[in-house]
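No lab work stands behind these numbers, since they all come straight from the coordinates. What you see is a predicted model; the values in this text were computed from it and never measured. Quick reminder, even Gly has a Cβ in these numbers, built from the backbone with ideal geometry, and neighbours come from all protein chains shown.
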Amino acid sequence: MTASLPLRAALLSALILALFLAAWHLATQSTGPVADMDPEYARLMGATATTGVSAMPGPLDVGEKLWEHLSDPFYDNGPNDKGLGIQLGFSIARVLLGYSLAVLVAIPLGFLIGMSPLVSRAVDPFVQILKPISPLAWMPLALYTIKDSNISAIFVIFICALWPMLINTAFGVSAVRKEWINVARTLEVGPIRRAYAVILPAAAPTILTGMRISIGIAWLVIVAAEMLVGDTGVGYFVWNEWNNLSITNVIIAILVIGVVGMLFDQILARLTRLVTFPE
């Protein structure tokens, strides 16, 4: 029964996907009478608004367009016409850079907070004030001070990825069993070696859980940030295709964003399982 669970789950997922695609296909094939509408709205929506045909592309249309993108993902025909692979590469590079900076700051600072009750009490008010601020609220300030849209987007990624890692690292370090730390002290293990040999392995699952949360938030935020200020990236691609009224490309970009986010999550989930051991 347990061995067949993954197979049954896969079959159920395939059934749900098939039902969704069938409903999508049927919904986009219907036509109806043309209703009276505002002329400006009709011009915005294009010919489909005046013919009664659904403006939403069907799964076959999306699949055909997706194949075109996959056939040549790295073409470059100018600033506003780059392949989806190039746009995706810009977004991933920004996310990884901002995320890496957050790791370099959050994990050492989280260790310090978790190991020192004094520092924890002193820093906690600042964390509680800064944590709820929307990452995009930092964008105007970043643009004004940094005066570079790419660096500003990286800064926003850094800010949004910082807090889950910092909080989880501090919690994981402070939750390490006191018996293990006392044994290390009895053996006269120094603070630095104690942190690496005892505290880090014990807190690693919690730290990686924070990193997993952070990468999801970072990937979510970069799309919104690129819509606001980007001239490249998958967020800019979505906004540019919406301006071109290419709903098919918008749907493709949404699918790509979801797949890449899932891959990021699965990589860190696998790392979390590797460092998790039963007590």
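From helices alone, the chain scores -25000 deg cm²/dmol at 222 nm; the rule is -39500 (n - 2.57) for each run of n ≥ 4 DSSP H residues, then divide by the residue total.
The C-alpha atoms of region 229-279 occupy a region whose extents along the principal axes are 56, 22, 10 Å, arranged from largest to smallest.
Compute the relative contact order of region 164-226 as a whole-number percentage, counting only Cα pairs closer than 8 Å that sit 6 or more residues apart in sequence.
For region 164-226, the relative contact order is 54 percent.
Rounded to the nearest 10 degrees, the inclination of helix 117-130 to the longest alpha-carbon principal axis of the chain is 20 degrees. Between L118 and V275, the C-beta separation translates, for a Förster distance of 30 Å, into a calculated FRET efficiency of about 0.55. A Förster radius of 22 Å, combined with the Cβ-Cβ distance separating L130 from I151, puts the computed FRET efficiency at roughly 0.65. In the chain, Cα pairs under 8 Å separated by at least six residues give a relative contact order of 20 percent. Relative to the longest principal axis of the Cα atoms of the chain, the long axis of helix 149-174 makes an angle of roughly 40 degrees. The angle between the Cα long axis of helix 59-71 and the main principal axis of the chain comes to about 70°, on a 0 to 90 degree scale. Within the shell of other residues whose beta carbon sits under 15 angstrom from the beta carbon of A253, the net charge comes to -3, with Lys and Arg scored +1 and Asp and Glu -1. Rounded to the nearest whole Hz, the Karplus-based 3J(HN,Hα) values (6.51 cos²θ - 1.76 cosθ + 1.60, θ = phi - 60°) of region 219-235 follow the sequence 5, 5, 6, 5, 5, 5, 5, 5, 5, 7, 10, x, 10, 9, x, 5, x, with x at glycine and proline. Over region 130-261, Cα pairs under 8 Å with separation of 6+ residues give a relative contact order of 26 percent.
Distance from the Cα centroid of region 151-210 to that of region 90-111 is 15 Å (rounded to whole angstrom). Take the alpha carbon gyration tensor of region 93-230, find the square roots of its eigenvalues, order them as a ≥ b ≥ c, and report rounded if a/c is under 1.5; if not, report prolate when a/b exceeds b/c, else oblate. In terms of gyration-tensor shape, prolate.
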